[in-house]
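Values in this text are rule-based calculations from the coordinates and carry no lab data. Not measured: the values here are computed from a predicted model. Note that we place each Cβ from the backbone using ideal geometry, even for glycine, and neighbour counts take in every protein chain shown.
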């Protein structure tokens with residue numbers, strides 16, 4: 001080995017540096033002096049991520065269009081035989097319509113609840129064990145930390161950090177996320193925790209509800225909305241979260257737990273909205289989907 | 001940092017470029033893939049391992065540290081700063097130690113990258129558990145690590161191939177250290193002439 005002593009020295013310095021970083025950041029928690037570095041990261045990598053996402057989006061959209069609509073795909077394949085150019089046109093139209101529909105649902109939901117939202121695209125996602133995404137709006141669009149993020153379907157999470165043109169969103173499915181929730185039509189409240197990455201877990205849902213009351217009525221198919229935080233930060237009230245998929249009976253505990261099937265597909269987030277101004281009045285159950293979930297959606 | 005100065009500059013620049021591209025691909029593409037189990041392959045770690053295997057342990061650990069620090073700071077990141085820096089640095093060093101063995105067999109780099117990925121996944125989980133991170137709870141680690149290793153192994157040939165392509169172009173036909181993966185060098189050589 002060439003230059004082993006120097007190599008060892010460099011290794012030592014690097015290891016000590018990273019251990020110091022970890023120690024300082026871990027001790028500091030939310031007020032850690034190193035959080036400023038994340039701001040630098042957002043400023044440097046934010047625009048790059050927007051660019052990268054703009055480049056890969058058409059590719060992803062094409063895959064999505066193919067997977068989402070088998071009928072469209074068949075039609076597209078028919079057209080492929082006729083005319084390559086026409087097929088491309090059709091696909092891009094479908095994508096535009098799809099995204100317009102998503103946006104419309106989002107705006108509709110926001111109008112129903114009286115939320116004032118800023119629409120955003122998801123441009124990147126976190127790795128390892130964290131369920132976080134970056135969105136392409138930031139402080140320049142009025143987005144601040146501790147704001148609710150939702151789609152037309154329901155709750156996505158909350159903003160944890162905002163750069164000038166990007167913001168980081170902690171998804172409700174993250175293992176460190178807790179959201180106050182309320183069962184529809186009742187005053188039963190509880191906490192909804194993220195389950196983290198699913199991995200090999202079979203039959204698991206990404207969210208788990210803990211009801212504070214041990215004898216509260218709880219039924220499969222019941223729907224859950226956000227309770228709303230104090231001062232509407234980070235969570236505004238009345239945002240649909242999901243339906244009760246399975247009730248867990250663990251004897252000897254003071255709380256009841258249930259697995260929640262979320263309304264939002266967390267792995268396929270695209271257009272989301274940041275609630276920049278909370279509703280004047282708690283919308284209660286007004287934002288829930290119109291048809292009651294008579295048959296609980298499985299899985 | 002590298003053997004000779006002029007080669008060092010080009011090589012460093014190239015390594016930086018490769019890492020930046022890997023990080024962007026990781027956050028903007030790989031992490032958004034709706035793969036079963038919502039676990040994703042770690043392209044950055046695979047890139048660090050591949051670079052270390054071809055360039056030696058010094059490059060491996062420095063690249064690993066820098067790539068890790070960048071991964072710690074890239075926007076959606078929300079963990080304790082320094083975790084990836086530590087893990088990638090160690091992984092880069094260990095992989096670099098194996099670099100002299102790389103010319104024994106053409107398939108060895110692929111095996112080594114898979115092993116490096118396994119070590120990296122376990123090390124990251126271990127650091128998380130030691131810090132008491134609620135996300136790196138034992139139940140979550142035990143159900144995600146096997147799948148993450150599987151995805152990394154599946155992704156590793158592509159990363160090895162890409163890194164080899166990108167990092168070799170500057171170095172012409174002079175395989176230095178553990179660079180000579182026979183099949184690849186030969187093919188590249190022919191293309192460049």
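For the stretch A:14-63, build the convex hull from the C-alpha positions and give me its volume per residue in Å³.
Output value, Cα hull per residue: 126 Å³.
Which of B:95, A:213, A:229 comes first, and how do the rest follow, when ranked by fewest Cβ neighbours within 10 Å? Walk me through the numbers on the way to the answer.
Details: B:95 32, A:213 14, A:229 17.
Listing B:95, A:213, A:229 from fewest to most nearby Cβ atoms yields A:213, A:229, B:95.
Using the 10 angstrom Cβ neighbour count as an exposure proxy, how do A:117, A:260 rank, fewest first?
Values: A:117 21, A:260 25.
Going from sparsest to densest Cβ surroundings: A:117, A:260.
Expressed as a whole number of Å, what is the distance separating the alpha-carbon centroids of the stretch A:184-234 and the stretch B:17-68?
Taking the Cα centre of each part, the stretch B:17-68 and the stretch A:184-234 sit 36 Å apart.
How many angstrom lie between the C-alpha centres of the stretch A:1-55 and the stretch B:84-104?
So the two Cα centres are separated by 19 Å.
What FRET efficiency comes out for the pair residue B:122/residue A:59, r = Cβ-Cβ distance, R0 = 30 Å, nearest 0.05?
Values: r = 33 Å, r/R0 = 1.08.
It comes out at approximately 0.40.
Using the count of nearby Cβ atoms within 10 Å as a rough guide to exposure, how do B:61, A:265, B:45 rank from fewest to most?
Going from sparsest to densest Cβ surroundings: A:265, B:61, B:45.
So what are the radius of gyration and Dmax for the Cα set of the stretch A:122-267, in Å?
Computed over the Cα atoms of the stretch A:122-267, radius of gyration and Dmax are 15.4, 51 Å.
Only Cα pairs under 8 Å and at least 6 apart count here; give the relative contact order of the stretch A:122-178 as a rounded whole percent.
Numbers: 121 pairs, mean separation 19.1, N = 57.
Once divided by the residue count of the stretch A:122-178, the mean separation gives 34 percent.
With just the Cα atoms of the stretch B:1-156, tell me how far they stretch along each of the three principal axes, in Å, largest first.
The Cα atoms of the stretch B:1-156 stretch 47, 33, 29 Å along the principal axes, largest first.
How would you classify the stretch A:162-207 from its alpha-carbon gyration tensor, with a ≥ b ≥ c the square roots of the eigenvalues: rounded for a/c under 1.5, else prolate if a/b is greater than b/c, otherwise oblate?
The shape class here is oblate.
For residue A:99 and residue A:230 in one chain, what is 0.36 nm times their gap in residues minus the Cα-Cα distance, to one decimal in nm?
The residue A:99-residue A:230 span can extend by a further 43.8 nm.
What's the FRET efficiency of residue B:138 with residue A:184 using the Cβ-Cβ distance as r and R₀ = 25 Å, to the nearest 0.05?
Calculated transfer efficiency: 0.15.
Between residue A:23 and residue A:214, what is the spin-label point distance in nm, taking each point 7 Å from the Cα along the Cα→C-beta axis?
4.5
Starting from the Cα gyration tensor of the stretch A:189-232, take the square roots of the eigenvalues, sort them a ≥ b ≥ c, and report rounded, prolate or oblate (rounded when a/c is under 1.5, otherwise prolate if a/b is larger than b/c, else oblate).
Working: a/c = 2.37, a/b = 1.39, b/c = 1.70.
It comes out oblate by the Cα gyration axes.
Given just the C-alpha atoms of the stretch A:193-282, how large is their convex hull per residue in cubic angstrom?
Enclosed volume per residue, from the Cα hull, is 130 Å³.
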